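These notes concern the structure reproduced below.
The values are calculated or read from the model by the stated rules, or taken from the named source; none is laboratory data. Computed from a predicted structure; not experimentally measured. So basically every Cβ, Gly included, is an ideal-geometry build from the backbone, and we count neighbours across all protein chains shown. What goes into the accessible areas is simple: the full protein's heavy atoms, side chains included, and nothing from ligands, DNA or RNA. Shrake-Rupley method; radii C 1.70, N 1.55, O 1.52, S 1.80 Å.
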Amino acid sequence: MRDERQATLREGVRILVRAMRDEPVILGIAVAGSAVYGLATVATAEVIGRVTDRVIVPAFRDGETTTGALALAALAIMVTSLVKAAGIVVRRYFAGLGQYLLNARYRRQVSRQYLRLPLSWHHQHSTGKLLSNANADVESSFWPIAPLPFALGVVVMLVFALVSMFLADPALALVGALLFPAILLLNFFYQRRLSPLATRAQALRAELSGVAHESFDGAMVVKALGREAAETARFAKVAGQLRDANAAVGRVRGAFDPMLDALPNLGVLAVLIIGSVRVADGSLAAGTLVQVAYLLTITAFPIRAIGFVLGELPRASVGWRRVRAVLDATGALPHGTDRLSASGDDGAAHLGLHDVGYSYVEGTPVLDGVHLDVEPGRTVAVVGSTGSGKSTLASLLVRLVDPVSGAVLLDGTDLRRLEPGQVAAAVSLVFQQPFIFEDSVRDNVTLGLTVPDDDVWAALRLAQGDRFVHELAGELDARIGERGATLSGGQRQRLALARALVRKPRLLVLDDATSAVDPEVERRILAGLRDAALPSTVVVVAYRRATIALADEVVYVENGRVSARGSHPELLTTSPGYRDLITAYERDAVERAMAGTNQEKRS
Amino acid sequence: MSTAAGPGSRLGDVRSGSAWATFRRGLALSPEITQGLTPTLLLALVATAGRVVVPIAVQQTIDDGLNAAGGPDLGFVRWMVGLAAVGVVITVVAAYLMNRRIFRASEAGLATLRTKAFRHVHDLSVLTQDTERRGSLVSRVTSDVDTISQFVQWGGLIMLVSIGQLILATIVMAVYSWQLTLLVWVCFLPLFLALRTFQRMLSSAYMVVRERVGGMLGAISESVVGAQAVRAYAVEGRTQQRIDDAVESHRVAASRAQRLAATAFSTGEVVAGLANAAIIVVGVLLGVAGDITLGRLLAFLFLVTLFVAPVQVGTEVLSEAQNAIAGWRRVLGILDTPADVADPGEDGVRLPRGPIDVRFEGVSYAYPNGPTVLHEVDVAIARHTRVAVVGETGSGKTTFAKLLTRLMDPVHGRVLVDGTDLRDVRFASLRERVVMVPQEGFLFDDTLAANLRYGKPEATDEELLLAVTELGLREWLDSLPAGLETPVGQRGESLSAGERQLVALARAYLADPDLLVLDEATSAVDPATEVRLARALEGVSRGRTSVTIAHRLSTAEAADEVFVFDRGRLVEAGPHAELVDKGGVYAALHAAWVSQSR
Ligand SMILES: Nc1ncnc2c1ncn2[C@@H]1O[C@H](COP(=O)(O)OP(=O)(O)OP(=O)(O)O)[C@@H](O)[C@H]1O
Ligand SMILES: Nc1ncnc2c1ncn2[C@@H]1O[C@H](COP(=O)(O)OP(=O)(O)OP(=O)(O)O)[C@@H](O)[C@H]1O
Ligand SMILES: [Mg+2]
Ligand SMILES: [Mg+2]
């Protein structure tokens, strides 16, 4: 427990050091501003003390004063307060600037990692967590940066305050010498009590948000099964825990804050007792008494800045640990330097899979020893039962993941040896579940590729999506909501198909890309693909005969292996598994017809 | 995060109505906050009283102690300071008790508010839910409520104490010298008045920051949620550019707000300096004229410090108050959005269990602000019938299914179940009897067993296995590495698309409804499994009414009756064979299907 706390503290200090190294100039200016502020604060009390002794007390004693003395006093007070204000502006502005620069810097780094790390890494981390890594965790890592210059300035202030008090009167300085450490100590205990509670509340807040997110994401299922009350109970439970955690934080804050407020007041009272004895015996000027009392009053609040920093450190180190986990994650898909031969640029690509194996969970291979050779321009249908690994195979072809064993070759080159961008330039995959960006129709099709609108329309036409896009207000400029919520299932799929077609890929991979499209539209899409005579090699995952009929060759996947390949008629005779799968509807229809006639005969 | 409601949002923000009205409504919805408020306020009074102890003690020490008529009276100083110390300690105790009460009451009230709002989100129709980003809905029950609690426990407290402190300080000052009191107020009053202006500038600056946070989160979430698409199309560069732009514009906005805040904060110091200078000049002149004692003048310097904190944090407190009001409005906005597809509750009809019949009477539907997508549907589904619904994409099949399960209410006409208008049936009864399985089987991030059990929490493992076996999925289940305990990943993404659909179907099947509505629920499942499933469902659903939407017409062939939709109209209805003979829309669809599947 204790070690852990020390480790957290050490880590927190390391974050501060790192921040100072990342933004030395900006944060340096903030610290300088803060130091000026600290000095000016001490100076304010000095000025008040001197003015009391030299201007106020004589005036009251003598019943007269001079304009010059008054003007000088007013000027001195104004100047110190202006300097102090300037220090505050510089400190606050630059501290904020530094904090935001750091946030922005690390947000960019974190998101770069998201774009760089392989999908297998993404699979292991929930969306909510990754979003909070980039947002809340980065923010809490650098939260202590805002009060840091303040705290450093306060250290300067304290040193000068003690010096100033000792110069004024050693006996009164003793009060300060006891009071300052007492405040620091109380602060320290405060933060020590508070931070585990605050961290817990923070964790519960994240948990609550996770519960709400999942529950709202699945709102349709909740409704369909009438589980609103159960979901509310689940939410209320965490909300109750958060309530109790926050109340626990409140109890600690509620106890320590008033004590921290009261300590300087007690200090001033002590100064009054001790000081009045010494003023009475003539060894102290009244102004000095006022100076010290005033100094204690105005330094009371700034001292707490040190507590602000200390208090944020545990949360910062938790946040930073999570950010670091992302930044340090390795396993990005390494790239090579090879390029696909320029001559092949417009022609179809050659695809080869050599002894490819893949597993999501170690020990349970999804694909195992898959061999495949697809000559340029040929169309291959991949057929297999639910969960047999077809989508996994498709994702290997565009190098979303790398095989655990074996290699995927494009024009004879291992995908891993190609330059970044080469694979995507040559291969397009249409996902089984289309992902629609919250963007215009045009941008959803082009994804930033610069192509004329004519090409976008051509692709939409080929995907049989032009008609419904014409009906949208704004046509290509129509904006589509989060995850394409306002489109029907078939409309989303056709948009995703157009996205692949507009790129004129040399290898087109369709993963059951027309499952939500009605037979008639599907027929038109397939006919279009055939007539367009695309200069592509096509791999298509499909169940329907018509789709399979497009293929020159069929690959039947069973238990993660290619169990048969050949033309469709060949497979029908050679592979019983394939036959069972493909003729299921026919057999069903026949059996039903027979059952029907039997029934009729019987009746 | 508190991104503004999207342009198409149908959730209210309660923009109308003053801040005060929002405040009152908010408090009414979380009664815990106002319970026992009087003792809390009394404690607050005591707690603030402690703040003027020190200035008074300074004045007393100087005037009645050191400058006492008969020479320095140290006994009086000791006695008086001792009393002051007791006052300080009492203040601490009072403040502690006050804080505790405020924290406890506000947390209890806000937890209630959150939970009410959460429940209400689920009571809204799917359509209303879809007009709002999920993230924004989440923030309404999380961070928006946090802004309220933050305000109540920090800004609100400070505001309370500050006001008390200003009033008390002014009273003490007025007793000491009305001239100097006036002077202090002349210095600070413009600043108090300027607070509103500062705050308005600041809050518009923060508004920009909040909007940019929303944009930034949106941009980053694309790189996470759409990771596959980004990777497959190598649009990392473009995505990164968007993120960088969003991050940068957020930083710029935040820095701008910071500049304003820093300036506003420092003006308190400048004015305090001005006030001190003025007090000394005028105070000395008054002292020379014998109108004020030395102690009282010096006490003023201490009393002025009580003015500084309220103006320094004033702008921030006001901004926080505004954020809290905005947050409160957004939470209330949920509660004020009528549950457009409302549960009739206690007054509703409870349908006895058993086979169901359905009738559509002149049903039309249009999505909000959209054209009519379903026209005048008149149709009946008799008990025990298995209906297949077919039609082109976008022809209105899903819309039909949503009306049938009362996820939406028709714009015209009505839907009757067992002769009762769906709108009059209690949800508890309706959801037990009518269950729909949508195309995208959403699974919760839990084990397979937990997901299967979702519709029937009391189901034992044996029952789960039995259901899976009945559906002919036992072999598949056994092939999974951990069987029922297999984690499905978030949204079910550790399963294949077809497997997700199998789980969603089995989940609905376990709930054992009397009317099962399947909307392309097996579109990603292989033909052999699909046929097996269809047969299993028929076997056990003899007696059950079912409506199945499918593009694979094998379903239609096996159904008792086929409904054909075309551009929002029910154009044909009847048994498969009849419709094929008729040679209409269905015959053409079927021909296309046959030519493709055989
Ligand atoms: N939430 C919505 N808001 C606005 N319009 C919608 C919404 N959902 C669907 N629509 C529109 O209503 C029409 C009918 O959609 P519906 O989802 O009922 O079609 P469908 O027959 O189920 O199509 P599919 O076979 O592609 O699933 C379409 O034109 C669609 O664009
Ligand atoms: N992210 C993942 N983590 C763990 N296992 C996974 C993951 N994704 C898929 N699997 C498992 O790998 C196997 C193959 O999945 P895949 O998606 O490739 O199947 P598929 O052939 O495309 O199936 P479908 O026809 O249903 O789309 C399945 O058993 C599935 O449960
Ligand atoms: Mg798949
Ligand atoms: Mg649909």
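Here B:Thr469 meets each of (1) over 23 Å from B:Glu432 (Cβ atoms); (2) of a type outside the set (Gly, Ala, Ser); (3) touching a residue at least 12 places away in the same chain (Cβ under 8 Å) with one exception, condition (3). Looking only at residues in the range B:1-33 that are open to solvent by 70 Å² or more (accessible area, probe 1.4 Å) and touching a Ser or Thr at 6+ places or on another chain (Cβ under 7 Å), the one that is modelled with the highest pLDDT is B:Arg10.
Residue-wise test of (1) in contact with a strand residue (DSSP E or B) (Cβ under 8 Å, 6 or more places away or on another chain); (2) open to solvent by less than 20 Å² (accessible area, probe 1.4 Å); (3) without any contact (Cβ under 8 Å) to a residue 40 or more places away in the chain; (4) assigned by TED's automatic domain parsing to the domain that holds B:Met408.
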| residue | (1), (2), (3), (4) |
| --- | --- |
| B:Phe103 | no, yes, no, no |
| B:Gln129 | no, yes, yes, no |
| B:Arg133 | no, no, no, no |
| B:Gly155 | no, yes, no, no |
| B:Gln165 | no, yes, no, no |
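Can you confirm whether B:Asp340 is within 16 Å of ligand 1 (Cβ to nearest atom) and under 30 Å from B:Val145 (Cα atoms)? Answer is yes for this residue.
In the range B:250-275, of all residues being more than 13 Å from A:Asn103 (Cβ to Cβ) and of a type in the set (Ser, Thr, Tyr), the one that is surrounded by the most Cβ atoms within 10 Å (Cβ to Cβ) corresponds to B:Ser266.
A:Gly282 meets all of the listed conditions (1) within 24 Å of B:Gly75 (Cα to Cα); (2) open to solvent by 20 Å² or more (accessible area, probe 1.4 Å); (3) more than 9 Å from chain B (Cβ to nearest Cβ); (4) modelled with pLDDT of 85 or more but one, namely (4). When the test is whether a residue is within 11 Å of chain A (Cβ to nearest Cβ) and either within 27 Å of B:Arg24 (Cα to Cα) or open to solvent by less than 10 Å² (accessible area, probe 1.4 Å) (or both), B:Leu303 passes it. Looking only at residues in the range A:509-539 that are at the interface with chain B (Cβ under 7 Å from one of its Cβ atoms) and part of a loop (DSSP other than H, G, I, E, B), the one that is modelled with the highest pLDDT is A:Asp512. Do the conditions hold for A:Arg579, that is, is it within 16 Å of ligand 1 (Cβ to nearest atom), within 12 Å of chain B (Cβ to nearest Cβ) and free of Cβ contacts under 8 Å to residues at least 60 places away in the same chain? For A:Arg579, the condition - within 16 Å of ligand 1 (Cβ to nearest atom), within 12 Å of chain B (Cβ to nearest Cβ) and free of Cβ contacts under 8 Å to residues at least 60 places away in the same chain - is not met. Of the helices (runs of 4 or more DSSP H) lying entirely inside the range A:47-147, those carrying at least 3 residues that are at the interface with chain B (Cβ under 9 Å from one of its Cβ atoms) are A:57-62, A:67-116, A:119-123, A:127-132. Number of residues in the range A:397-406 that are surrounded by 17 or more Cβ atoms within 10 Å (Cβ to Cβ) and more than 19 Å from A:Val538 (Cα to Cα) equals 4. The conditions of being open to solvent by 10 Å² or more (accessible area, probe 1.4 Å), away from ligand 4 (no atom under 14 Å from the Cβ) and not hydroxyl-bearing (Ser, Thr, Tyr) are met by B:Gly362. Scanning the range B:370-413 for residues that are at positive phi and part of a strand (DSSP E or B), we see that the one that is nearest to ligand 2 (Cβ to nearest atom) is B:Gly391. Evaluation of A:Ala233 against the conditions (1) crowded, with 18+ Cβ neighbours inside 10 Å; (2) free of Cβ contacts under 8 Å to residues at least 40 places away in the same chain shows that the sole unmet condition is (1). Please indicate, with yes or no, whether at least one residue in the range B:289-297 is facing another protein chain (nearest Cβ under 10 Å), within 15 Å of B:Ile158 (Cα to Cα) and in contact with a Phe, Trp or Tyr (Cβ under 8 Å, 6 or more places away or on another chain). No, the range B:289-297 has no match at all.
The requirement of being within 15 Å of ligand 1 (Cβ to nearest atom) and of a type in the set (Phe, Trp, Tyr) is fulfilled somewhere in the range A:462-469, by at least one residue. I'd like to verify a number: residues in the range B:34-74 that are in contact (Cβ under 8 Å) with a residue 60 or more places away in the chain, crowded, with 16+ Cβ neighbours inside 10 Å and in a loop (DSSP other than H, G, I, E, B), how many? So the count comes out to 1. The residues in the range A:231-252 that are at the interface with chain B (Cβ under 7 Å from one of its Cβ atoms) and either touching a Pro at 6+ places or on another chain (Cβ under 9 Å) or not aliphatic (A, V, I, L, M) (or both) can be counted, and the count is 8.
With the checklist (1) at pLDDT 80 or above; (2) at the interface with chain A (Cβ under 9 Å from one of its Cβ atoms); (3) part of a helix (DSSP H, G or I) in hand, flag the one item B:Ala309 doesn't pass. Evaluating B:Ala309 over (1) at pLDDT 80 or above; (2) at the interface with chain A (Cβ under 9 Å from one of its Cβ atoms); (3) part of a helix (DSSP H, G or I) leaves (1) as the failure. Taken over the range B:544-572, the criterion of being of a type in the set (A, V, I, L, M, F, W, C) and either surrounded by 20 or more Cβ atoms within 10 Å (Cβ to Cβ) or within 22 Å of A:Tyr543 (Cβ to Cβ) (or both) is satisfied by B:Val547, B:Ile549, B:Ala550, B:Leu553, B:Ala556, B:Ala558, B:Ala559, B:Val562, B:Phe563, B:Val564, B:Phe565, B:Leu570.
In the range A:544-556, the residues that are more than 7 Å from chain B (Cβ to nearest Cβ) and in contact (Cβ under 8 Å) with a residue 40 or more places away in the chain reach residues that are open to solvent by less than 20 Å² (accessible area, probe 1.4 Å) and not aliphatic (A, V, I, L, M) with C-beta atoms within less than 6 angstrom, at least six apart or across chains, in these pairs: A:Tyr556/A:Ser575; A:Tyr556/A:Tyr578.
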